[in-house]
Each structure stands twice: as structure tokens, then as C-alpha cells.
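None of the figures in this text is laboratory data; all of them are computed from the coordinates on show. Bear in mind that the values here come from a model prediction, so they are computed numbers and not experimental data. Neighbour counts run over all protein chains shown; Cβ positions are idealised from the backbone, glycine included.
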Amino acid sequence: MKLLPKSAFGQTVLLIAILLLINQIVSLVSVTFYFVSPNVKQINHLLANQIKMAYVAGIDSKNSALQPQLHEVAGMQIYTQEEAIAQGLDHAIHYQSWSNQMSEVLGGKAQVRISQDTPFLYWINPPQNPSTWITIPMVGLGQGDGSPHLVYLLMIGILSVGGSLIFVRRLNRPLQALQDAALLVGKGLVPKPLKEEGSTELIAVTRAFNQMSKGIKQLEDDRALLTAGISHDLRTPLTRIRLASEMLPEDQEWIKEGIVHDIEDMNEIIDQFIDYVRQDQQECMENGNLNDLIKEAVQARNIEENHDIKLNLKPLPNTLIRRVALKRVLDNLIENAYRYGSNNIEISSAHNKKNNQLYFSVRDFGPGIPDDCIQSLFEPFTQGDKARGSLGSGLGLAIIKRIVDMHSGHVTLENHPEGGLIATIFISANI
């Protein structure tokens with residue numbers, strides 16, 4: 001059901017509200033059954049006894065002096081049917097249950113009505129004389145500043161809901177902290193140790209999360225150290241091999257060129273390993289403009305021959321970015337477009353105000369990639385279609401995805417209907 005809340009906070013508040021409502025209904029029924037109903041019976045019984053005593057005293061006789069005495073002592077008034085209507089009998093509300101109780105006590109059919117004016121008047125039509133109506137005022141009934149029971153229910157409701165909100169918010173705070181920390185871990189960042197608070201179960205979960213986060217940090221550090229060590233150890237023999245190749249005679253120049261080309265490819269692969277492990281986490285976020293980064297990257301590429309970049313940049317607001325990391329993204333995308341696509345590429349940028357996102361795209365005019373291979377390209381060590389001449393370690397797009405994830409964004413690849421591949425980078429606009 002769509003109307004039900006999905007968050008733990010909303011579900012807990014709804015549950016407490018439903019239990020509170022059930023409790024109030026049960027309380028109301030209990031008070032009515034065990035308190036109000038016996039009191040009503042007792043009041044009816046007392047009124048019936050007063051009427052019995054009045055008739056015993058001769059209220060139906062022609063003694064005109066008796067009625068003023070009854071009015072002075074008990075506030076009782078006796079009216080004929082016509083006089084009762086003139087005094088507001090028709091505006092009084094008839095109560096059948098009270099009439100039945102009065103009939104049982106008086107020994108005949110009786111009617112009970114109650115006027116809503118203050119003070120309340122009980123109108124009783126006794127079986128001893130059906131042509132008369134007797135009124136008895138109930139002084140103090142309904143003359144307070146409001147219903148005590150309603151005020152009680154209202155105060156209990158406010159206190160219960162307020163207390164439940166405080167309880168649920170206190171319960172939800174460590175859960176929200178866990179969620180935020182888990183999102184940081186998903187972006188490749190290591191959050192600070194979370195404060196252990198809340199219930200014993202939440203404390204246990206928080207402690208386990210802190211231990212997991214510490215373990216992930218240790219694994220990342222060990223991997224970075226291992227990769228850096230391997231890369232350093234590999235470069236030394238590669239350098240010796242290159243020096244040895246320089247000593248080859250001129251008639252073996254083709255062998256030397258092949259060795260140098262392979263060494264350059266291996267150095268490039270080593271650099272990609274280091275870039276993938278480093279993750280650019282040490283770089284701080286700073287206020288910048290994506291269009292400026294694009295123009296800087298294009299300017300650095302303009303010195304290359306036979307390469308052409310067309311710009312289609314829309315005005316963009318400044319946002320918090322990691323400049324060096326995003327420049328690496330641009331360089332990788334441009335290099336991929338040149339290497340596997342075409343010598344002429346197009347770079348566009350825009351601002352989606354509706355989704356509060358900034359994005360830029362790099363399009364080449366090459367053969368593209370089969371649609372069923374696109375999604376797997378973001379995995380480490382995965383290369384594209386061999387028809388595009390894929391080279392290297394297959395870490396380029398994995399590095400790009402990791403950097404974009406650090407900016408709370410995402411990257412997409414799609415084939416253009418008119419040919420070529422479009423790589424689009426989306427990041428949140430922190431304006």
C-alpha cells in the first residue's frame with residue numbers, strides 16, 4: 001500500500017499512533033461501561049425516588065402550596081403538556097435508554113428528555129400522570145470549562161506522540177549515521193569511526209561497522225603499498241632492458257623498436273595500476289567550473305597533429321569538485337575517443353536544473369561498441385570490442401567510474417544513432 005510509510009521512523013510513529021488510538025478507544029469504552037453507565041443508573045434511580053416521594057406527598061392533589069415548596073427544596077417544577085411545550089420541551093433531547101430505566105423504577109411507561117441549555121434540565125413524564133411533565137435541574141453538570149475526559153484524552157495523546165517522536169528520533173539517529181557512512185564506503189571513502197550510541201543492538205551493529213571500516217582501510221593501504229612496490233620493482237628491469245636495446249646494432253633496429261614499444265605499453269599499464277589504487281582520495285574538494293576544466297584539457301591537446309576537438313559548452317554554475325581527479329577523467333575519455341574512435345571528437349556540457357545535475361559528454365565518430373558489452377566495460381581489467389583495437393590494462397573506465405562515484409555522480413556509455421560512442425559524466429551540483 002503506497003500510503004504506508006517506508007522508513008523505520010514513519011512506521012514506528014504510525015504503529016505507536018495506532019496503539020494509542022486503540023488504547024484511547026478501550027479507555028473510553030471502559031470508562032463508559034464501568035463509570036458513566038452506573039452513574040447514569042444511579043442518577044435515574046435518585047430522580048425516580050424524588051418523583052415517587054413527590055407523589056406520596058400529594059403532588060397530584062389540588063394543594064397549590066405544595067409545588068412552591070418542592071421547587072424551593074428540590075428545584076422541581078410541574079407543567080402541563082401545553083406549559084411544557086412553551087418552556088422548551090420540544091428542544092429537549094429524548095434518551096430511550098434512560099426512559100427505559102426510569103420506567104422500570106416508576107413501574108410504568110415514562111419518558112426522559114434532557115435540555116441542552118445550562119443548567120441542564122431533566123424532563124420526566126411519569127406514568128403516575130402522563131399529562132404532566134416534571135423538570136429537575138442538574139446543577140454543575142456540563143458547567144465546566146470543557147469535557148474532562150476529552151481534555152484527558154487530548155493531553156495523553158500529545159504526551160504519547162511527543163514521547164514517541166523523541167524515542168524514534170533517538171533510535172533513528174545512529175541508523176542515519178550508519179547509512180551515511182555506508183554511502184561513503186560505497187564511494188571508496190573511509191568514514192571516521194561512528195559514535196556507539198542507542199540500544200545494545202545498535203551499539204553492536206555500529207561497533208561491527210567500525211571494525212569493518214577499519215579493515216577496509218587496512219586492506220586499501222596494503223593494496224596501495226603492494227601495487228606501488230611491484231610497480232617500482234618492475235620499472236628497474238624495464239629500464240635495464242631499454243638500455244640494453246639501445247646497444248643493438250643498426251641492422252636490428254626493428255627489434256629495438258619493438259622492445260621500446262612494449263616497454264612504453266608496460267609503463268603505461270603500470271601507471272594505470274597506480275592511478276586505480278590511488279583513487280585521488282587525498283585531494284580536497286574545491287569550488288570550480290567544469291567548463292574551465294574542459295577548456296584546459298582541450299588546450300593541452302591542441303598541440304597534437306591531426307586531432308580536432310569541437311566544443312559545445314553551455315553556461316555552468318560553480319560546484320565543489322576534485323580538479324585533478326576530474327582532469328584525469330577528461331584526459332582518459334579524450335584519449336579513448338582518439339585511440340578507439342576518431343581523430344575528430346565533440347565535447348558538450350549542460351546543467352539539468354530539474355535534477356540539479358551537471359554533465360559533460362565526449363563523443364567520437366568511430367565504429368562504437370556492441371550494446372551488450374557496454375555495461376561490463378566499467379569493471380576492472382575489462383576491455384572493449386577487439387574491433388576497436390583495445391589495448392592497455394582495461395582500468396581506464398574503472399578509474400573514471402571510481403572518480404565519478406566520489407562526486408556522487410554516474411557515468412554512461414551509449415552508441416550514437418549516427419555512429420560513434422558517447423561517454424557522459426553526471427555529477428551533483430553543490431551550488
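When only DSSP loop residues count, what trypsin sites (Lys or Arg not before Pro) in the stretch 286-365 have their Cβ near at most 11 other Cβ atoms within 10 Å? Provide the component values of the computation, followed by the final result.
Numbers: sites: Lys295, Arg301, Lys310, Arg322, Arg323, Lys327, Arg328, Arg339, Lys353, Lys354, Arg363; in loops: Arg322, Lys353, Lys354.
Here the trypsin sites (Lys or Arg not before Pro) that fit, given the DSSP loop and packing criteria, are Lys353, Lys354.
What order, most packed first, do the peptides 342-352, 212-222 have when packing is the mean number of other Cβ atoms within 10 Å of each residue?
Working: 342-352: 17.7, 212-222: 12.5.
The packing order, highest mean first, is 342-352, 212-222.
In whole Hz, what ³J(HN,Hα) sequence does the stretch 127-137 give by Karplus (6.51, -1.76, 1.60; θ = phi - 60°), x for Gly and Pro?
In residue order, the calculated couplings are x, 5, 8, x, 8, 10, 10, 10, 10, 10, x Hz.
Which entries of Lys310/Lys401; Lys195/Lys401; Lys217/Lys354; Lys327/Lys353; Lys310/Lys353 show an alpha-carbon separation above 29 angstrom in the structure shown?
Result: Lys195/Lys401; Lys217/Lys354 exceed 29 Å.
Mind jotting down the distance between the C-alpha centroids of the stretch 158-231 and the stretch 291-360, whole Å?
Taking the Cα centre of each part, the stretch 291-360 and the stretch 158-231 sit 36 Å apart.
At 0.36 nm per residue, minus the direct Cα-Cα distance, what do Met285 and Thr236 gain on full extension? Give it in nm, one decimal, please.
Full extension from Met285 to Thr236 adds 14.1 nm.
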